[in-house]
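Visitor: Sharing a structure below in structure tokens format, with a few things to ask.
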Amino acid sequence: MLEPLTTSLEKVFGFHDFRTGQQAALTALEAGQDTLAVLPTGAGKTLIYQLYGYRHPGCVLIISPLLSLMNDQVNRMHMAGFRQAAAINSLTSYVERQEIQRHLRDYQFLFMSPEMLAQPQMLAQVKQLPLSLLVIDEAHCIVQWGPDFRPEYLLLGAIRTQLNHPLTLMLTATAGTTTRQEIAKQLRSQPTIVAESVDRPNIYLDVEQLDTEPAKQERLTALVDQLQGPGVIYFSSKQQASDTALRLQQQTGRRVAAYHAGLSSEDRFKIQQQFMASQLDVICATSAFGMGIDKNDVRYVIHYHLPADFESYAQEIGRAGRDGLPSVAILLYVSGDEQLPLMLGQLNRPEADTIHRYYARPQAFNEDDAAIALLGFYRRHGISEAAVIQLFSRRERERNRALAQMLAYVREPHCLRHNWLQAFDEQSRPHDEQCCSPAGMPLDLMRLGLRATPQKAPTDVAEDWVARLRQLF
């Protein structure tokens, strides 16, 4: 008979109590129920599958979206005493991968991307494993990415069927009712849902409407100069993230770096580690940065560009204030900013006419084009022309609805938190001065305790030391 969950928790991690949601998710899994755990950033979601793996024989297979996230989690598990953990991804050397695959049955925890698992040879090997648990980490990616970016996410339901429907844990920090339903549908599951509030009362919400792009840049510089760090600034453009990082470093004297998919894996890993070690003050990032980042003292998150949806926004502002101390999430907006997410949403989306012509004569098209490569993926997996057209049409409707919600948030005249939580079917607490400042209301960093202490000039520091030495002697 298995020992109580609290006994295992203390034995493995040294904790006496579970965090909110952890025990409920584990209890559902122990009862053999697929579980969708919607727990806020910093709630300790990884502990759920680690503890389950400790308590049950077999392999825990974790499907994870980011290479750096996988490798970071494997390293942490090794440090925590889970030695039989490995990741197989494009960063794994050929020799190391061969070694892992030769001893696949010996591993207690295996991390893979959907693309790696979808490879026929890898899937055939995984089918031979005694899986105790399948984990879909960052499960909201199934909805946000699947149709027109990393479509392998749409195969996870079929793969789960091929694996004979193993017990499945779906993890995410944000998922409203519609997203939860879509995750369950895609994975062909009827999970028990364990959900905690997405609200983080210690994060003050702020929207600032500016007249021009130069005014927005000037305001960003002023905020970085005034705010206590560390901080993260999100952009929708890799080039703008890089250019702004350089400008902020020159104008504010802060230690700033850019982080985006255009950098090498090695550079991204180095920047992430430097930020974690407090060797950098500010990260100018695209959405590639943040998943799995376990830095508790991020004091502010600024969005330079308008997020495409509330789920992304909630994920990203959730990087702030994980230590429970006052923090701020600031969204800068200039009229017309919504055009960028609209344009990005169309990048890989082929028109109905292109889809029809491709399905009629696929050999006439070059799959070097991202949109055509996407069509090739769907065709090879037996998805019909009509189904593909329907898929993209539905995706466009969802994007437009989500963007309309974000614009309503930007223009909210009363309470940002009420508007935001409404999107997740939650009620907000009564509005007060620690809650938010909608557009038109000034942001008082001093009152919030988030204004940086002005740096003293070197001469002042020297005089302070002289006075201190006189006192001592």
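Visitor: What's the exposure ranking of S265, S287, going from fewest to most Cβ atoms within 10 Å?
Guide: S265, S287
Visitor: Still on this structure: Starting with the fewest neighbours, write out L445, L26 ranked by other beta-carbon atoms found within 10 Å of each beta-carbon.
Guide: Fewest-to-most Cβ neighbours within 10 Å comes out as L445, L26.
Visitor: Additional query: According to the square roots a ≥ b ≥ c of the eigenvalues of the Cα gyration tensor, what is the shape class of region 1-101, taking rounded for a/c under 1.5, prolate for a/b larger than b/c otherwise, and oblate for the remainder?
Guide: Verdict is prolate for region 1-101.
Visitor: Hey, if you put +1 on the Cβ of every Lys and Arg and -1 on every Asp and Glu Cβ in the chain, which of S393, T354, Q190 ends up farthest toward the positive end of that dipole?
Guide: My answer, from the dipole projection, is Q190.
Visitor: Picking from Q279, L205, V301, whose Cα lies most toward the positive end of the charge dipole for region 203-334 (charges on Cβ: Lys, Arg +1; Asp, Glu -1)?
Guide: Q279
Visitor: Right, something else. Grab the alpha carbons of the chain, take their convex hull, and tell me the volume per residue in Å³.
Guide: 186 Å³
Visitor: How much length, in nm to one decimal, is gained on full extension between A277 and L342, taken as 0.36 nm per residue of separation minus their Cα-Cα distance?
Guide: Fully extending the segment from A277 to L342 adds 19.8 nm.
Visitor: Once you sort the root eigenvalues of the Cα gyration tensor of region 203-334 as a ≥ b ≥ c, which label holds: rounded (a/c under 1.5), prolate (a/b larger than b/c) or oblate (the other case)?
Guide: It comes out rounded by the Cα gyration axes.
Visitor: Rounded to two decimal places and with Rh computed the Kirkwood way over Cα pairs, what is Rg over Rh for region 5-195?
Guide: Here the Rg-to-Rh quotient is 0.93.
Visitor: Could I ask something else about it? With the crude spin-label approximation of a point 7 Å out along Cα→Cβ, what separation in nm comes out for E96 versus R379?
Guide: 3.7 nm
Visitor: In whole Å, what is the distance between the alpha-carbon centres of region 195-216 and region 1-36?
Guide: If we compute the Cα centre of each part, the gap is 35 Å.
Visitor: About the Cα centre, and with charges only on the beta carbon of Lys, Arg (+1) and Asp, Glu (-1), how big is the dipole of region 5-195? Nearest 20 debye, please.
Guide: So the magnitude is around 260 debye.
Visitor: When we measure straight from the Cα of K270, which lysines land under 21 angstrom away, once same-chain ones fewer than 8 places off are left out?
Guide: Straight-distance partners of K270: K238, K295.
Visitor: In addition: What is the order of Y54, Y204, Y378, Y94, fewest Cβ neighbours within 10 Å to most?
Guide: Y94, Y54, Y378, Y204
Visitor: Moving on to the next point. Could you pull the Rg and Dmax for region 216-292, using just the Cα atoms, both in Å?
Guide: 11.5, 32
Visitor: Would you mind getting me the FRET efficiency between T212 and T7? Use the beta-carbon distance for r and R0 = 45 Å, nearest 0.05.
Guide: 0.15
Visitor: Set the Förster radius R0 to 41 Å, insert the Cβ-Cβ distance between F269 and A360 as r into 1/(1 + (r/R0)^6), and round the FRET efficiency to 0.05.
Guide: With a Förster radius of 41 Å, E is 0.35.
Visitor: Next question, about the same structure. Note down the magnitude of the dipole of region 298-395 about its Cα centre, charges +1 on Lys and Arg C-beta and -1 on Asp and Glu C-beta and zero elsewhere, to the nearest 20 debye.
Guide: Dipole magnitude for region 298-395 comes out near 260 debye.
Visitor: Sort 83-91, 98-106 by packing, meaning the average of other beta carbons within 10 Å per residue, with the highest value first.
Guide: 83-91, 98-106
Visitor: Could you go through region 242-250 in sequence order and give the Karplus-derived ³J(HN,Hα) for each residue, using 6.51 cos²θ - 1.76 cosθ + 1.60 with θ = phi - 60°, rounded to whole Hz, and x for Gly and Pro?
Guide: For region 242-250, the Karplus curve yields 5, 5, 5, 4, 5, 5, 5, 5, 6 Hz.
Visitor: For region 375-401 and region 310-359, compute the distance between their C-alpha centroids and round to whole Å.
Guide: Using only Cα atoms, the two centres lie 20 Å from each other.
Visitor: Go through region 184-194 residue by residue and turn each phi into a ³J(HN,Hα) via Karplus (6.51, -1.76, 1.60, θ = phi - 60°); whole Hz please, and just put x for glycine and proline.
Guide: Calculated HN-Hα couplings, in order: 4, 5, 5, 8, 6, 9, 10, x, 6, 9, 10 Hz.
Visitor: In debye, nearest 20, what is the charge dipole magnitude of the chain about its Cα centre with +1 on Lys and Arg Cβ and -1 on Asp and Glu Cβ, if you could check?
Guide: Around 840 debye, computed over the chain.
Visitor: Shifting gears a bit: Would you mind putting 247-254, 383-390 in packing order, based on average other-beta-carbon counts within 10 Å, highest first?
Guide: Averaged packing, sorted descending, gives the order 247-254, 383-390.
Visitor: When we measure straight from the Cα of K11, which aspartates and glutamates land under 16 angstrom away, once same-chain ones fewer than 8 places off are left out?
Guide: Of all the aspartates and glutamates, those that pass the test against K11 - Cα under 16 Å, at least 8 places apart if same chain - are E3.
Visitor: Mean separation of Cα pairs under 8 Å and 6+ residues apart, divided by the residue count of the chain: what relative contact order is that in percent?
Guide: 16 percent
Visitor: Continuing with the same structure: Quick check: from the Cα gyration tensor, does region 391-432 come out rounded (a/c under 1.5), prolate or oblate?
Guide: oblate
Only the coordinates and a few stated rules stand behind these numbers; no lab work does. In this text, all values refer to a predicted model and were calculated from it rather than measured experimentally. All Cβ positions, even for glycine, are placed from backbone atoms using ideal geometry, and neighbour counts span all protein chains on display.
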